[in-house]
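First comes the structure, then the notes that go with it.
The values are calculated or read from the model by the stated rules, or taken from the named source; none is laboratory data. These figures come from a predicted structure and were not determined experimentally. Note that we place each Cβ from the backbone using ideal geometry, even for glycine, and neighbour counts take in every protein chain shown. For accessibility, only protein heavy atoms count, side chains too; no ligands or nucleic acids. Shrake-Rupley method; radii C 1.70, N 1.55, O 1.52, S 1.80 Å.
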Amino acid sequence: MTGTFVGMPVFPEAAREALADSQLRHNLAHATSTIRAKRAKVVAEVPDWEELRLAGAAVKERALLDLETQLVRLEETLTANGATVHWARDAAEANAIVAGIAKAHAATEVVKVKSMVTQEIGLNEALAEEGIAAWETDLAELIVQLGDDLPSHILVPAIHRNRAEIRDIFRSKMGAAGRPAPDDLTDEPAVLAAAAREHLREKFLRAKVGVSGANFAVAETGTLVVVESEGNGRMCLTLPDVLVSVVGIEKVVARWEDLDPMLRLLPRSSTGERMNPYTSMWSGIAPGDGPQEVHVVLLDNGRTRALADEVGRQALRCIRCSACLNVCPVYERTGGHAYGSVYPGPIGAILNPLLKGVGHDDQIDSLPYASSLCGACFEVCPVRIDIPSVLVDQRAQVVDAHRGGVPKPEAMAMKGAAYVLKRSRRLSALERLTGLGMRFARRFGPTAWTGARDLPDAPGESFRDWWQRTDGGRKDDA
Amino acid sequence: MTDARSEILARVREALAGSTVDPVETSAPREVHPVANPELVDLFAERVADYRAVVERCSAEDLEDRIAAALPTGQVIVPPGLSIRIPDAIVDDGTLTAARLDLIAAVVTEARVGIAETGTIVLDHTPDQGRRAISLVPDTHICVVREDQVVADVPDAIALLDPSRPQTWISGPSATSDIELDRVEGVHGPRTLHVLITPPRDVIS
């Protein structure tokens, strides 16, 4: 595994490889079933959960359908609060802005709060090219970063690793990145967490520049919100002199009170807690408290492309809770890496094609098919994203994008079937050949299909022949 | 070449051409609770304890003794506007660096709001709570919540809070479940959260 999703194989190939890893399947089954049960328990505590979901969906939908106004308002309030607002069309532009700010302060390192958006734009790699080290400070992200690995879950990115693997990574890699792991490091989670605390603390205490994303951005008040558990977020948001937050334009909500449904929905859906341990909110600069230079980078990077898709735009409501991953039968067996993106699972299967467009990359085009369409993801989604409907719509888009070229075997088979089924005489003629066809298929058929499945035996007589011989069973059926 | 701002806003406009905002507003459901309901304070105490925080209820007279008993050995820092007397505590004047704060064992603060349903303490970092760093770096946080500060649920808290102030919502001590989903207290914030629930301030005098 190398630290990039670029050039990942299409989903079916990547999934086959993941399915062969029984340790991974065991880890995932344990993790997803544990979080599922926790979530179900705390969701059941809320009597009006369905109305809360409706409210959550409405808050995000209203902001999205009024996005221009909300973004301009957010820029105004942020600026009035003393923050500097930047706009970035794509990843390269956003990375250049962050690097520019770090360089302006002669910083050779930054500390980072776990954030999906900075992974999406490849910020760490871009900063490394400019000679700036970006340190991940969330425990799971630290494990992924030190292991030169890729995240495999939105909420618990190192869920594919077990404690013994984590101890090995800490022992062999921590020293090169800073304070080494202690010699007597065991694989107890508390001991491993303590080693991470010591390793990261020296970085927090000396950091000049912090980098974060945001879970929500309130247009009315210019407030950014970050939810987390460990306190590494609070460290990055509070101790450095300079704070840069990269915020996708879909993170905006209109009003202060809109935070209410979101803060009730997110932790219960995500970690299965009534509330996450820490939520930080800041509205620009607070004199004498925290960073005195605050930047916000508003990022498009495909979001306006998704917004233009009338069916798919609801995916921009996503608050990255990961509930859909934990209920998905496909994710549970393949894990996150097979999706080839920082956004895995059902939401990743629709978000990646929406952000990047279909028809030009086989890996992305394979994602809308990485689903059984069972609908469990829609049921748990706190902002009611109808993922199955978007998947079906995207499958149609993928098919449309590939019209005109060499037809695929399925398309040929379907065309053939249409020809045969149109006339009953054609069908009965073909039925007589079924036995021969089966024998042929057994010998020369596609092994990708027959390798794991048995072809049934052909019947000795077709239904039509039987009907004719017995007059529909009225004559003797001897 | 257009600038990024105009281009993004133009793309947004184009993407939404023909779409309208649904005027029907769905507001989040909420139950209305009477203020200063003693059951709410009980629920708050129970829910904070669920996060493996230490929770104690005490009278105004006992407060200083309880805090003294809860303090670990080592230096203590307090915000400049703390209404409780803590002997030998360093009063934060805003000049201590992060490295210096790291040598301090404990912090004592007050709070703005307690949320019963979720067991959450909200700090809005006024002088009785101090700047964000002092309640973050020391390993023990002793937080005093008044009974009349406890509200029922998140919407009640949102209605009371001033968005222009920085805020820290705390639900239990720092925690992680990143290693095989085993919950570990830590990694980075205070590993011990000690909450003292005491009668309203005006009852003290």
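Could you please let me know if A:Arg16 is open to solvent by 30 Å² or more (accessible area, probe 1.4 Å), assigned to a helix (DSSP H, G or I), away from chain B (no Cβ under 11 Å) and modelled with pLDDT of 95 or more? When the stated conditions are applied, A:Arg16 does not pass them. Restricting to the stretch B:49-68, and then to whatever is farther than 14 Å from B:Thr192 by Cα, part of a helix (DSSP H, G or I) and of a type outside the set (Lys, Arg), can you tell me which residue is most open to solvent (accessible area, probe 1.4 Å)? Looking at residues that are farther than 14 Å from B:Thr192 by Cα, part of a helix (DSSP H, G or I) and of a type outside the set (Lys, Arg), I get B:Asp65.
The residues on offer are B:Ala28, B:Ala15, B:Ala10, and the sole one that is closer than 17 Å to A:Arg62 by Cα and modelled with pLDDT of 95 or more is B:Ala15. Looking at the stretch A:84-188, the strands (runs of 3 or more DSSP E) lying wholly inside it that each contain 2 or more residues that are more than 23 Å from A:Leu205 (Cβ to Cβ) sit at A:84-88. Within the stretch A:262-304, the set of residues being among the hydrophobic types (A, V, I, L, M, F, W, C) and within 7 Å of chain B (Cβ to nearest Cβ) comprises A:Leu263, A:Met275, A:Met281, A:Trp282, A:Ala286.
Could you list all residues from the stretch A:355-407 that are open to solvent by less than 50 Å² (accessible area, probe 1.4 Å), of a type in the set (A, V, I, L, M) and either part of a loop (DSSP other than H, G, I, E, B) or touching a strand residue (DSSP E or B) at 6+ places or on another chain (Cβ under 9 Å) (or both)? Hits for the stretch A:355-407 are A:Val358, A:Ala370, A:Val383, A:Ile385.
Each residue in the stretch A:222-237 was checked for being within 7 Å of another protein chain (Cβ to nearest Cβ), within 17 Å of A:Gln70 (Cβ to Cβ) and either out of contact with any helix residue (DSSP H, G or I) (no Cβ under 9 Å at 6 or more places or on another chain) or not β-branched (Val, Ile, Thr) (or both), and 0 of them qualify. Can you name the residue in the stretch A:190-216 that is more than 10 Å from chain B (Cβ to nearest Cβ) and of a type in the set (Lys, Arg) and, of all such residues, is nearest to A:Glu75 (Cα to Cα)? Per the criteria, the residue is A:Lys208.
Anything in the stretch A:108-144 that is open to solvent by 30 Å² or more (accessible area, probe 1.4 Å), within 14 Å of chain B (Cβ to nearest Cβ) and over 18 Å from the mean Cα position of the chain (by Cα)? List them, or say none. Scanning the stretch A:108-144 gives a single hit, A:Trp135. All conditions in (1) β-branched (Val, Ile, Thr); (2) farther than 30 Å from A:Asn162 by Cα; (3) open to solvent by 60 Å² or more (accessible area, probe 1.4 Å) hold for A:Val6, with the sole exception of (2).
Residues in the stretch A:187-207: is at least one under 19 Å from A:Leu299 (Cα atoms) and either in the same structural domain as A:Ile285 (by TED's automatic domain parsing) or in contact with a helix residue (DSSP H, G or I) (Cβ under 8 Å, 6 or more places away or on another chain) (or both)? Scanning the stretch A:187-207 turns up no residue that is under 19 Å from A:Leu299 (Cα atoms) and either in the same structural domain as A:Ile285 (by TED's automatic domain parsing) or in contact with a helix residue (DSSP H, G or I) (Cβ under 8 Å, 6 or more places away or on another chain) (or both).
Scanning the stretch B:128-155 for residues that are more than 9 Å from every other protein chain (Cβ to nearest Cβ) and farther than 17 Å from B:Leu196 by Cβ yields B:Ile134, B:Asp139, B:Val151, B:Ala152. Among the residues of the stretch B:161-183, those that are modelled with pLDDT of 95 or more and either within 23 Å of B:Val41 (Cα to Cα) or among the acidic types (Asp, Glu) (or both) comprise B:Leu161, B:Asp162, B:Gln167, B:Thr168, B:Trp169, B:Ile170, B:Ser171.
The set of residues in the stretch A:44-70 being within 20 Å of A:Arg303 (Cα to Cα), at the interface with chain B (Cβ under 7 Å from one of its Cβ atoms) and open to solvent by less than 40 Å² (accessible area, probe 1.4 Å) consists of A:Ala58, A:Leu65, A:Leu67.
Those residues that are open to solvent by less than 10 Å² (accessible area, probe 1.4 Å) and facing another protein chain (nearest Cβ under 10 Å), I need them from the stretch B:90-120; list them, please. The answer is B:Leu101, B:Ile115, B:Thr118, B:Gly119, B:Thr120.
Looking at the structure I just gave you, is A:Leu307 open to solvent by less than 10 Å² (accessible area, probe 1.4 Å), within 7 Å of chain B (Cβ to nearest Cβ), within 26 Å of A:Pro346 (Cβ to Cβ) and aliphatic (A, V, I, L, M)? In short, yes. Contact annotation: residue pairs with Cβ atoms under 7 Å, 6 or more positions apart or on different chains, pairing a residue in the stretch A:264-279 that is under 16 Å from B:Trp169 (Cα atoms) with a partner that is in a helix (DSSP H, G or I) and small (Gly, Ala, Ser), are A:Leu265/A:Gly56; A:Tyr278/A:Gly233. If I filter the stretch A:238-254 down to residues being over 24 Å from the mean Cα position of the chain (by Cα) and surrounded by 24 or more Cβ atoms within 10 Å (Cβ to Cβ), which single residue comes out as farthest from the other protein chains (Cβ to nearest Cβ)? Only one residue tops the list, namely A:Leu243. Here A:Ala219 meets each of (1) open to solvent by 10 Å² or more (accessible area, probe 1.4 Å); (2) away from chain B (no Cβ under 11 Å) with one exception, condition (1).
Among residues of the stretch A:144-158 that are of a type in the set (D, E, K, R), those with a beta-carbon under 8 Å from a residue that is open to solvent by less than 20 Å² (accessible area, probe 1.4 Å) at least six positions away or on a different chain give the pairs A:Asp149/A:Ile143; A:Asp149/A:Ala158. Put simply, of A:Ala418, A:Ala376, A:Ala349, A:Ala370 the only residue that is hydrophobic (A, V, I, L, M, F, W, C) and modelled with pLDDT under 95 is A:Ala418. Scoring A:Asn352 on the criteria (1) of a type outside the set (A, V, I, L, M, F, W, C); (2) surrounded by fewer than 23 Cβ atoms within 10 Å (Cβ to Cβ); (3) part of a helix (DSSP H, G or I) leaves a single failure, condition (2).
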